[in-house]
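S.K.: Before I ask anything, let me first share the structure, which is written out below as structure tokens.
The values are calculated or read from the model by the stated rules, or taken from the named source; none is laboratory data. What you see is a predicted model, and the numbers here were worked out from it, not measured in a lab. All Cβ positions, even for glycine, are placed from backbone atoms using ideal geometry, and neighbour counts span all protein chains on display.
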Amino acid sequence: MSLNKSVLLLLLLSVCLQSNAQEFKLGKVSIAELQQKQHPKDTTAVAAILFEKGEVHFEFTQDNGFTMVTEVATRIKIYKKEGYDFSNQKVAYYIGGSTKENVSFTDAATYNLVDGKIEKTKLKSDGEFNEKVNRYWGQVKIALPNVKVGSVIEFKYTVKSSRYGSLQDWQFQNSIPVNYSEFKTYIPEYYSYKPSMKGFITPKVTEEKKQKTINYSYREPAEPGSAITTSSSQEKLEFQETKTTYVAENLPALKEEAFVNNINNYASSVSHELSVIKYPNRPYEYYSTDWAAVTKTIYDYDDFGPELNKTGYFEDDLKIVLAGLNTTDEKISALLNYVKNAVKWNDYTGYSCNDGVKKAYKDKTGNVAEINLMLTAMLRYAGLTANPVLVSTRSNGIALFPNRTAFNYVIAAVETPQGVVLLDATDKFAMPNVLPFRALNWVGRLIRKDGTSQEIDLMPKVASMDTIAMNYTVDANGQISGKLREQKTDHEALLFRKNADAVTADMYLEKLENEYKKIEISDYVRANEKELQLPVSETFAFKGANLCEIIGGKIYISPLLFFAKEQNPFKQEVREYPVDFGYPFLEKYAINITIPDGYEVETLPVAAILKMQDDLGAFKFMTNVSGNIIQIAMTHQINTPIISSEYYPMLKDYYQGMLAKQSEKIILKKI
Amino acid sequence: MKIKSLFLVLTICISIAVQAQKSEYNAQSISDSLKENANAVVRLNQIDILIASQRSMTIKTKRVITVLNEKGLRAIDAIEWYNKSTTVRSIEAIVYDGLGNEIKKIKRKDFKDQSAVSGSTLFSENRYVFLDYTPIVYPFTLIYESEVQTSTTAFIPEWKPLTDYFLSVEKSILNVNCPSNLGFKKKEANFSDFKIVKSTDTPTQLSYTATHILAQKREEYSPDFDVIFPVVTMGLEYFNLEGVDGNAKTWKEYGQWFSEKILSGTDDLSAETKTKIRTLVGNETDPIKKARIVYHYVQEKTRYIFIHVGIGGWKPMPASDVDRLGYGDCKALSNYTKALLEAVDVPAYYTELYGDEDKMDIKSDFVSIQGNHVILCVPNKDKYLFLECTSQDIPFGYQANFTDDRNVIVMKPDGGEIIRTKIYDDTDNTKSSKGSYTVAPDGTLSGTVTMVSEGTRYGRKYYLEKMQPTDQEKHYKEYWDNINNLKIDKLAFVNDKEAIRFTENVAISAVNYGTIANNKMMVPVNAFTQYTGSVKRIRNRKTPFEIARGSADSDEIKVVLPAGFSVEFLPANFESKTKFGSYTTEIIKKDDNNLIYKRTLFVKSGLYANKDYDEYRLFMEQVNRNDNAKIILTKN
């Protein structure tokens, strides 16, 4: 009975699936779809993906062994003219390797409703373009014909490739709503792929195993995977194939928010990376399965681990650099500076060397791997415990799952009794534990000499400081003159040095004067611009005519002058993704205001303290009057680089409270 | 033996050349005046143009650049374009450090090769080779040499001794050689104030040398670079465009040639399409009304895609293809619209121009192929109407901010003619704001405002309607950046495309708008149209400044003050009149709690002298300050 029931259920299920499947077949566009005026769940949608179905399977030929075939069929509804972009499609293919990939589009057509009847306009060859973009990539583009508001478009593309290290990443979510998204993989038993899913929406996953037979005639030894037997005759290849189906429905459009690290961190998607090759009669080849295996695999690459062991090319030079240095700190900073000066970054990321450390050293240019692996090797040569740390940059997204493509960058780490010191020699203003912003992306993976690895927190722990001391005098006409000293450390200093780099003093001051409400600056002095280990500071005198208001004979002063934040950076009402500041920081102001003779303070902003929950941040505002001098002390600190979205309302209120306080005026009246 | 000695001579030559370069281009030998404000110094930029025939031109470039810092990298400009009619014969570079020691030789294979497809371009036959060099030290000197051969002689590169801001020039040379029978011509502009020597000027030869040009600072509100700095435009009366020979001495002849050789045969439509458009137009007889119907038909039917194929991208895709495919670029869509208009007996002319926010003219006194965009010209009695055919949204005949007020070349049936496009008068570019707001006793603002934009102002607003709600919210939070804690409570638009008028109806609220301290409340009176921008202070301005488009604002806002407070201070009425425009504000007190705030701001377009800049800045500063005037209330 129970058996019957389950069979029935299975039957029902397969019937359901079949009827569903029919609906999602290219060429069967319905009048209802064409008549639809707006997306039922998102009236603002400019277009929607009605369905998108992808599958990956492997084709066997005796000459080439297995070829990976990816087929994707898509139907899109255009609701508004702003959705026309979706009627141009492109697919890139790799042409840099020895084996070529190719892409073909089929079944591409536009459907319109004309006088109640469906009109189909097929894509012809004049709407298809194939171009060689550069040495590595080609792309095929299509422009669907006759697209209007209300049109439904369809197309299918097939990619054939022998690069089977990973499957195409499948994005369930898009910038427009997706009604139905399905991804199927048919994997022969010789390969194992490790799936990684991310995003807020989890697809349904089903798995099925099946016995497959391939008939072929064998003539000569073929590629791995086909080398089953050596006789020359009709052959049969029998193997098990695993079919996995991912289905997700009704996915909302993915919308960008401000202050998000990288929106793709939150898009629902699945990626697959090759983890094992199990060819018959051969030892298994393991690839990434967990972080340890991923790091080991990367470490064993010719253009990674072995590059770390080369030392001959720099030994003579380093003897001079290291001469007389004793402490770890001295050696670290000497070597970091040495590499920064000796080799310039060519703007290429990656954890693999391109030309190799030796050539990079000779040419004085290299990619990230060449520069930082060279630095690691030098640190080791100097007797320090130094290792590379694999990193994913902000633009690459957070490394959530163990696979080789999760990383695209490498830095160096030195283990000291005081803790780990992180180094990146690609940025001329970077310092020990002050990495360039691009590398501040959650966690990295440290690899030791024996191939073992460990997670490393990349986010800065020490607050970057911005300290401002300002003394100014207000005269009876509301004119202000004063002196100012501003000092910055760590990331604040790095940013300052970057922005001030290659800007003439004249240009810099003109910009500063305009930013600071058109003050006139004199006696400008900058200290420690080049001494990276010290805080960078600026000192100047200023005069301003527009900084006070005289209303009804009273003087209104905004005590922070040009430093008062005027706008809340957090304008959105609700927020889905974390707020990413990049690093903790502390702003500190000490202000002394001398008021004109014959005036007294009528109103003074009252002291205030704002504290965020869980010690995420705090704002303090203190005032004091002694004689004709008003003193203001203010601090604003954010103690953690990332604040999760659940705290957003609190963060927004905090900024609102701080801004309100900063905008309060001191009012002076005549005695 | 013979070969050997030749080899010897060659090596000597090369080593001499290298030696010479070393000492000559040492970065230390640059004079201080050329280093001032410069990110890079052009030591030598020599361009030799050899026109061998109507179908053959060779351009040799030798450029020696000392790059002083990262921002000077773009001055290297080591890039050459190629396609079916243009080949890059050679391209190479050598890099020297500041002392003149060779660092690196860069051969052709080390240059990158890329297809010229980006943005809205779907496909292009053009490609480019470029140098992507990572400097290892500053300053460094790079010697770049290239030779490009092309059969297209319709475009002779312009000679600009100064090519960019923050770049100084030691020496820049142009040499042109051309057979006498091709009608070589040139036009010099903006030579005064620069050291330029013309050493040869014959019908077959032309040579200039410019020396010691100081680096220029970019200044806000400057006219176009080409309007201030020297430029020589050159052309041939007998030329070739991607395999098509042409000749034109006058715009009339140019138009005849273009219509005959490029446009002819591209405007056929099927009988079916012609019938369809005739049915759509029906009994309408007024040509402008007919054109309006056709224009809307095209807007609904097509989309814009740039496809760069055939005659260097100058020949439009056939109208019948656009009809079938429903897309095209500016040429294709204009030509298609023209074909449809002709099918309903409305004459329309293909028109070439520069499409740009800056008002760039076709140089009417220099007959040559110019422009970067195509629109359509429809005669309207003794005037003309121009149609932008690439937009699916803009109103019929609307041109502001992209194709307005400039000389264009119109291909009339009897030949080309230069015509000026529509001018939007300063007084027609209006924005009126009418509404009211209330301030609650706790300082919360709530109000509604209706803003109507016309003329050029329409163009800054109409797209709001098409934005996603989140982007609309973002827009208003930036537009009213003077109101913190802004909430948009209601939003409605009326886009009247007939009258070309865009209306925004907005209801807003904001806590803490009035700031309270010690029984007093401060309320900035101008909530809705506060000018928070500023005109930069520029130390010692050199260039003239331009206000490209004028505007006229008028506001009338009712203000309701909170009960329980009395007015301690009301800002005084204000009036300012300058040559750049005028500004007035007025507060009318109805009773203790009700005010009416009136404001007008008129900005006049024009080209003004550099010394007028500070006066303009102060005018706008007055606007800024008065727009921020506050009412002080005291709690009863």
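S.K.: Is it the case, given these coordinates, that B:Ala215 is touching a residue at least 12 places away in the same chain (Cβ under 8 Å) and within 14 Å of chain A (Cβ to nearest Cβ)?
M.R.: Judged against the criteria, B:Ala215 is a match.
S.K.: B:Pro413: at pLDDT below 95 and either under 18 Å from the mean Cα position of the chain (by Cα) or more than 14 Å from every other protein chain (Cβ to nearest Cβ) (or both), yes or no?
M.R.: Spelling it out, B:Pro413 is indeed at pLDDT below 95 and either under 18 Å from the mean Cα position of the chain (by Cα) or more than 14 Å from every other protein chain (Cβ to nearest Cβ) (or both).
S.K.: What is the number of the single condition among (1) in contact with a helix residue (DSSP H, G or I) (Cβ under 8 Å, 6 or more places away or on another chain); (2) modelled with pLDDT under 80; (3) surrounded by fewer than 14 Cβ atoms within 10 Å (Cβ to Cβ) that A:Tyr287 does not meet?
M.R.: (3)
S.K.: For the list (1) surrounded by fewer than 18 Cβ atoms within 10 Å (Cβ to Cβ); (2) more than 10 Å from chain A (Cβ to nearest Cβ); (3) of a type outside the set (D, E, K, R), I need the number of the one condition that B:Asn69 fails.
M.R.: (2)
S.K.: Okay, moving on. Run B:Lys112 past the list (1) under 20 Å from B:Val232 (Cβ atoms); (2) touching a strand residue (DSSP E or B) at 6+ places or on another chain (Cβ under 6 Å); (3) of a type outside the set (S, T, N, Q) and report the number of the one that doesn't hold.
M.R.: (1)
S.K.: Still on this structure, please answer the following. B:Thr584 passes all but one of (1) free of Cβ contacts under 8 Å to residues at least 40 places away in the same chain; (2) among the hydroxyl-bearing types (Ser, Thr, Tyr); (3) in contact with a Leu (Cβ under 7 Å, 6 or more places away or on another chain); which number fails?
M.R.: So the condition that B:Thr584 fails would be (3).
S.K.: Looking only at helices (runs of 4 or more DSSP H) that fall completely inside the stretch A:246-334, which ones have 1 or more residues that are over 18 Å from A:Thr405 (Cβ atoms)?
M.R.: A:305-309, A:312-322
S.K.: Does A:Phe200 meet the test of being closer than 22 Å to A:Gln240 by Cβ and either touching a Ser or Thr at 6+ places or on another chain (Cβ under 8 Å) or within 14 Å of chain B (Cβ to nearest Cβ) (or both)?
M.R.: Working: closer than 22 Å to A:Gln240 by Cβ: no; either touching a Ser or Thr at 6+ places or on another chain (Cβ under 8 Å) or within 14 Å of chain B (Cβ to nearest Cβ) (or both): yes.
Here the answer is no, as A:Phe200 does not meet what is asked.
S.K.: Let me ask you something else. I'm trying to understand the selection: among the residues of the stretch B:510-532, which are of a type outside the set (A, V, I, L, M, F, W, C) and either away from every other protein chain (no Cβ under 13 Å) or surrounded by fewer than 19 Cβ atoms within 10 Å (Cβ to Cβ) (or both)?
M.R.: B:Asn512, B:Thr515, B:Asn518, B:Asn519, B:Pro524, B:Asn526, B:Thr529, B:Tyr531, B:Thr532
S.K.: Go over the candidates A:Lys156, A:Lys184, A:Lys194, A:Lys209 one by one and state the one that is outside any loop (DSSP other than H, G, I, E, B), farther than 15 Å from A:Thr245 by Cα, more than 14 Å from every other protein chain (Cβ to nearest Cβ) and among the charged types (D, E, K, R).
M.R.: Unique residue meeting the criteria: A:Lys156.
S.K.: Here's something else I'd like to know. Would you list the strands (runs of 3 or more DSSP E) that sit entirely within the stretch A:67-140 and hold 2 or more residues that are more than 11 Å from chain B (Cβ to nearest Cβ)?
M.R.: In the stretch A:67-140, the matching strands (runs of 3 or more DSSP E) lie at A:88-94, A:102-114, A:117-122.
S.K.: Is it the case that B:Glu80 is touching a residue at least 12 places away in the same chain (Cβ under 8 Å), of a type in the set (Asp, Glu), surrounded by 19 or more Cβ atoms within 10 Å (Cβ to Cβ) and under 23 Å from B:Gly243 (Cβ atoms)?
M.R.: Yes; evaluated as a whole, the condition is true for this residue.
S.K.: Might you check whether a residue that is within 13 Å of chain B (Cβ to nearest Cβ), touching an Asp or Glu at 6+ places or on another chain (Cβ under 9 Å) and without any contact (Cβ under 8 Å) to a residue 60 or more places away in the chain occurs anywhere in the stretch A:542-550?
M.R.: The answer is yes; a qualifying residue exists.
S.K.: Quick check on the stretch A:476-493. Is at least one of its residues more than 14 Å from every other protein chain (Cβ to nearest Cβ), modelled with pLDDT of 95 or more and part of a loop (DSSP other than H, G, I, E, B)?
M.R.: Within the stretch A:476-493, one or more residues are more than 14 Å from every other protein chain (Cβ to nearest Cβ), modelled with pLDDT of 95 or more and part of a loop (DSSP other than H, G, I, E, B).
S.K.: Of a type in the set (Gly, Ala, Ser), in contact with a helix residue (DSSP H, G or I) (Cβ under 8 Å, 6 or more places away or on another chain) and over 23 Å from A:Leu495 (Cα atoms): does that describe A:Ala608? So that I can check it myself, show each step before the final result.
M.R.: Details: of a type in the set (Gly, Ala, Ser): yes; in contact with a helix residue (DSSP H, G or I) (Cβ under 8 Å, 6 or more places away or on another chain): yes; over 23 Å from A:Leu495 (Cα atoms): yes.
When the stated conditions are applied, A:Ala608 passes them.
S.K.: Still on this structure, please answer the following. If you take the residues of the stretch A:326-362 that are within 14 Å of chain B (Cβ to nearest Cβ) and without any contact (Cβ under 8 Å) to a residue 12 or more places away in the chain, which of them is farthest from A:Pro436 (Cα to Cα)?
M.R.: Ranking the qualifying residues of the stretch A:326-362, first place goes to A:Lys359.
S.K.: Among A:Phe66, A:Phe86, which is among the aromatic types (Phe, Trp, Tyr) and over 27 Å from B:Phe306 (Cα atoms)?
M.R.: Working: A:Phe86 fails: over 27 Å from B:Phe306 (Cα atoms).
From the options A:Phe66, A:Phe86, the qualifying one is A:Phe66.
S.K.: Within the stretch B:327-340, can you find the residues that are farther than 9 Å from B:Asp267 by Cβ and more than 28 Å from the chain's Cα centre (by Cα)? Walk me through how you get there before you give the answer.
M.R.: To start, the set of residues in the stretch B:327-340 that are farther than 9 Å from B:Asp267 by Cβ comprises B:327-334, B:337, B:340.
Passing the criteria: only B:Leu340.
S.K.: Mind checking which strands (runs of 3 or more DSSP E) fall wholly inside the stretch A:577-671 and carry at least 1 residues that are among the aromatic types (Phe, Trp, Tyr), in contact with a strand residue (DSSP E or B) (Cβ under 8 Å, 6 or more places away or on another chain) and not assigned by TED's automatic domain parsing to the domain that holds A:Gly397?
M.R.: A:585-594, A:599-603, A:617-626
S.K.: Which one of these does B:Lys195 not meet: (1) of a type outside the set (S, T, N, Q); (2) under 20 Å from B:Ser56 (Cα atoms); (3) in contact with a His (Cβ under 7 Å, 6 or more places away or on another chain)?
M.R.: (2)
S.K.: Pairs, please: C-beta under 7 Å, at least 6 apart or cross-chain, first residue in a loop (DSSP other than H, G, I, E, B) and in the stretch B:340-362, second modelled with pLDDT under 95 and of a type in the set (Asp, Glu)?
M.R.: B:Asp358/B:Asp224; B:Met360/B:Asp224
S.K.: Let me ask another. Would you check if there is a residue in the stretch B:609-630 being away from chain A (no Cβ under 14 Å), hydrophobic (A, V, I, L, M, F, W, C) and in contact with a helix residue (DSSP H, G or I) (Cβ under 9 Å, 6 or more places away or on another chain)?
M.R.: No: the stretch B:609-630 contains no residue that is away from chain A (no Cβ under 14 Å), hydrophobic (A, V, I, L, M, F, W, C) and in contact with a helix residue (DSSP H, G or I) (Cβ under 9 Å, 6 or more places away or on another chain).
S.K.: Moving on. Where residues in the stretch A:557-576 are buried (at least 20 other Cβ atoms within 10 Å of the Cβ) and outside any loop (DSSP other than H, G, I, E, B), which of them is farthest from the other protein chains (Cβ to nearest Cβ)?
M.R.: Top of the filtered list is A:Leu561.
S.K.: Filter the stretch A:643-656 for residues that are buried (at least 16 other Cβ atoms within 10 Å of the Cβ) and either out of contact with any helix residue (DSSP H, G or I) (no Cβ under 8 Å at 6 or more places or on another chain) or within 14 Å of chain B (Cβ to nearest Cβ) (or both); which is nearest to B:Lys520 (Cα to Cα)?
M.R.: A:Gln656
S.K.: Tell me, yes or no, whether the stretch A:606-614 has at least one residue that is surrounded by 16 or more Cβ atoms within 10 Å (Cβ to Cβ), within 14 Å of chain B (Cβ to nearest Cβ) and under 27 Å from A:Ile480 (Cα atoms).
M.R.: Taking the stretch A:606-614 and keeping what is surrounded by 16 or more Cβ atoms within 10 Å (Cβ to Cβ), we get A:608, A:610, A:612.
Subsequent filtering for residues that are within 14 Å of chain B (Cβ to nearest Cβ) retains A:608.
Retained after the next criterion (residues that are under 27 Å from A:Ile480 (Cα atoms)): A:608.
Taking every residue of the stretch A:606-614 in turn, at least one turns out to be surrounded by 16 or more Cβ atoms within 10 Å (Cβ to Cβ), within 14 Å of chain B (Cβ to nearest Cβ) and under 27 Å from A:Ile480 (Cα atoms).
S.K.: Scan the stretch B:316-335 and report the pairs whose first residue is more than 11 Å from chain A (Cβ to nearest Cβ) and whose second residue is of a type in the set (Lys, Arg), with Cβ atoms within less than 8 Å and a gap of 6+ or a chain change.
M.R.: Listed by first residue and then by second, the contacts come to B:Pro316/B:Lys331; B:Ala319/B:Lys338; B:Lys331/B:Lys315.
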